[in-house]
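This report refers to the structure that appears directly beneath it.
Rule-based calculations on the coordinates, nothing more; no lab input. Remember, it's a predicted structure, so these values are computed and weren't measured experimentally. Cβ placement follows ideal geometry from the backbone for every residue including glycine, while neighbour counts extend to all protein chains displayed.
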Amino acid sequence: MRELRTIGVYGFDAASFLERLRSGGVSMLLDVRQRRGVRGTEYAWANSQRLQASLAAAGITYRHHRELAPTTELRQLQYAEDARQGVGKRTRRELAATYVDRYTAEILDHADLQVTVSALPSTGAGALFCVERDPEACHRSLIRLWVVSRPVQGRRSQYCLRAGMAWMTISSPLSKIRTTVSSRRAWVSKPSRSSRCGQSSSSIGSSQSGQSAA
């Protein structure tokens, strides 16, 4: 069984971020940012070189998946919608439908996520990592939903919600992950929370602020 969790930058400092990874059993961080830096001193710990050094010291493997990052054009499209709604990157709660459609068509439809998922650690969990606090405000939620909704070995991934963390348990080996999306607008919706785990929390969140970061 393989596990894939998600986490963001906002709402953490360096110490609480690493502690959340440890408590979540994360042994591999999958960075899906285009630009691996965050403005301001508060989040300087999340800049690529510092982050990689901290992860290495903690015994957590780091992988950068730039092929899953949105293009500059797509990011600007989302920023335009943010401006229209009067929100910022740190306060956004959801992605624009147009962004979802285009990210799916231009990035996910062409990504070989079977390779990505196959490389997840067999011991411990992997975690998709980007910047935004809320999962629904970030493209990492689209990656997660893609994996959740695709059949693996004729079965669907089990979306488990337990102890305030979100993760997917994925059967292995992987052989039948499709790379097309039949209904792109469906990505706007969250996966069902009526899993067999029977819990209601949905993210690896900030222990200090109560903010979710999946």
If you average the C-alpha positions of segment 70-115 and of segment 7-37 separately, how far apart do those two centres end up, in angstrom? 21
What list of ³J(HN,Hα) values in whole Hz, one per residue of segment 5-10 in order, does the Karplus curve 6.51 cos²θ - 1.76 cosθ + 1.60 (θ = phi - 60°) give from phi, with Gly and Pro shown as x? 10, 9, 7, x, 8, 4
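When a/c reaches 1.5 or more, the comparison of a/b and b/c decides; with that in mind, is segment 27-135 rounded, prolate or oblate per its Cα gyration tensor?
Numbers: a/c = 2.36, a/b = 1.31, b/c = 1.79.
Judged from the Cα gyration tensor, segment 27-135 comes out oblate (a/c at least 1.5, b/c at or above a/b).
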Gain in span if fully extended, Arg90 to Ala53, counting 0.36 nm per residue against the direct Cα distance: 10.8 nm
Pseudo-spin-label distance Ser16 to Thr72, built 7 Å along Cα→Cβ, given in nm, is 3.4
